[in-house]
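One structure is given here, and the rest of the page talks about it.
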Amino acid sequence: MKKTTRQIQVGNVKIGGGAPCSVQSMCTTDTRDVRATLAQVKALADAGCELVRCAVLDMDAALALGRIKAESPLPVIADIHFDYKLALKVLEGGIDGLRLNPGNIGERWKVAEVVTAAKERLVPIRIGVNAGSLEKELLATYGHPTAEAMVESALGHVRILEELGYDQIKISLKASDVVKTVEAYRLLSQKVDYPLHIGITEAGTIFSGTIKSAVGLGILLSDGIGDTMRVSLTGDPVDEIRVGFEILKALGLRRRGINFVSCPTCGRCQIDLIGVANEVEERLKTVDAPLTVAVMGCVVNGPGEAREADVGIAGGRGEGLLFRHGEVVRKVKENEMADALVALVEEMARER
């Protein structure tokens with residue numbers, strides 16, 4: 001059962017309160033380059049991204065973000081550190097959300113100004129605690145960045161906003177260590193009902209980062225924890241969206257795009273299954289329709305898996321059977337498999 005959290009709204013995206021876990025990413029472009037940033041935002045939107053965050057390093061970036069927000073197809077969150085004037089400027093520019101730790105802004109009056117401006121515009125604030133940047137006092141107390149230290153840091157930031165009468169809050173607790181991250185979120189979820197943004201930070205490249213993220217986020221989502229998520233990968237942020245939706249699909253929490261099934265091959269396989277599977281998956285990666293597609297390599301498990309899928313191929317010797325909703329459509333030669341399968345999927349996607 002998903003943990004019930006209070007609901008906030010970032011742009012047109014509802015977060016918490018029973019809403020599905022949304023998938024977000026962060027632009028890798030220089031925010032001051034409006035054209036490049038908008039191009040990346042639009043690529044992320046095409047991939048299914050629902051929220052996008054942009055770094056705000058200086059006042060030029062803050063001003064540029066207003067122009068980006070005006071043309072963005074997605075709600076835009078400003079990533080602010082230390083300088084309250086940057087937060088005020090992006091709020092003037094119509095930003096949808098702030099990622100800002102009030103304890104790092106300085107004097108209380110500066111935080112109060114940001115809160116007043118955010119409250120006027122109903123802009124939520126995400127408190128983002130990272131194990132790599134905990135307060136010196138907490139490191140002195142706990143010795144190193146423990147889960148307990150991360151939770152204490154988050155609660156300290158939350159307390160500042162609550163004392164200023166603001167409750168439009170989302171919280172994240174991120175570490176590159178999967179076990180520590182899971183432990184921190186479990187502890188925090190017992191203490192607050194604010195929506196939680198989950199992620200394994202600095203997870204790594206697309207290979208290692210996907211594995212760490214799938215394990216950590218999979219555990220948390222299975223526990224019912226997580227209202228928004230980001231898969232942090234060293235690479236193209238579009239891949240973060242694809243991986244994020246795959247994690248949610250694997251748990252049955254979201255259905256978007258192709259659910260791809262293929263066998264690992266063995267000595268029974270008599271077709272180039274790896275080549276066919278890779279080609280089909282690549283060609284179908286932009287299909288939004290929630291269809292299950294199976295590419296199977298032999299007569300033992302292949303027909304059963306292909307029948308259970310919306311569309312499937314069960315390979316034999318140099319040929320295979322093409323299935324649609326469990327019924328055999330026709331027999332196809334090996335060199336026609338990818339084309340036949342893709343054409344049938346695209347036809348069904350159009351029907352939906």
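The values are calculated or read from the model by the stated rules, or taken from the named source; none is laboratory data. None of these values were measured; they are calculated from a predicted model. Positions of Cβ are backbone-derived with ideal geometry, glycine not excepted, and every protein chain shown enters the neighbour counts. Side chains included, ligands, DNA and RNA excluded: accessible areas come from the protein's heavy atoms. Shrake-Rupley method; radii C 1.70, N 1.55, O 1.52, S 1.80 Å.
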In the range 133-147, the residues that are part of a loop (DSSP other than H, G, I, E, B) and loosely packed, with under 15 Cβ neighbours inside 10 Å: G143, H144
Cross-chain or 6+ apart pairs with Cβ under 9 Å, the range 234-250 first and farther than 13 Å from G199 by Cα, then assigned to a helix (DSSP H, G or I) and among the charged types (D, E, K, R): V238/D46
Top-ranked residue in the range 233-255 [being within 21 Å of I206 (Cα to Cα) and part of a loop (DSSP other than H, G, I, E, B); ranked as least open to solvent (accessible area, probe 1.4 Å)]: L233
Cβ pairs under 9 Å, 6+ apart, first in the range 53-81 and closer than 19 Å to V13 by Cα, second at pLDDT below 95 and open to solvent by less than 10 Å² (accessible area, probe 1.4 Å): A78/L100; D79/L100; D79/G128
One residue from E282, E319 being of a type in the set (D, E, K, R) and touching a helix residue (DSSP H, G or I) at 6+ places or on another chain (Cβ under 7 Å): E319
Test result for R255, touching a strand residue (DSSP E or B) at 6+ places or on another chain (Cβ under 7 Å) and of a type in the set (D, E, K, R): no
Residue ID - farthest from R53 (Cα to Cα), chosen from residues in the range 205-232 that are open to solvent by 20 Å² or more (accessible area, probe 1.4 Å) and in a loop (DSSP other than H, G, I, E, B): D223
Considering residues of the range 256-274 that are outside any loop (DSSP other than H, G, I, E, B) and in contact (Cβ under 8 Å) with a residue 24 or more places away in the chain only, the residue least open to solvent (accessible area, probe 1.4 Å): L273
Extreme residue, farthest from the chain's Cα centre (by Cα), among residues of the range 4-47 that are under 17 Å from L221 (Cβ atoms) and open to solvent by less than 30 Å² (accessible area, probe 1.4 Å): T5
Candidates D177, D223, filtered to the one that is over 15 Å from G128 (Cβ atoms), touching a residue at least 60 places away in the same chain (Cβ under 8 Å) and in contact with a helix residue (DSSP H, G or I) (Cβ under 8 Å, 6 or more places away or on another chain): D223
Residue list for the range 111-132, filter: part of a helix (DSSP H, G or I), open to solvent by 10 Å² or more (accessible area, probe 1.4 Å) and within 14 Å of H157 (Cα to Cα): A112
Residue, least open to solvent (accessible area, probe 1.4 Å), within the range 93-105, restricted to residues that are out of contact with any helix residue (DSSP H, G or I) (no Cβ under 7 Å at 6 or more places or on another chain) and not in a helix (DSSP H, G or I): G97
Residue within the range 160-168 that is charged (D, E, K, R), part of a loop (DSSP other than H, G, I, E, B) and free of Cβ contacts under 8 Å to residues at least 60 places away in the same chain present: no
Those strands (runs of 3 or more DSSP E) lying entirely in the range 280-352 with at least 3 residues surrounded by 17 or more Cβ atoms within 10 Å (Cβ to Cβ) and out of contact with any Asp or Glu (no Cβ under 7 Å at 6 or more places or on another chain): 311-315, 319-324
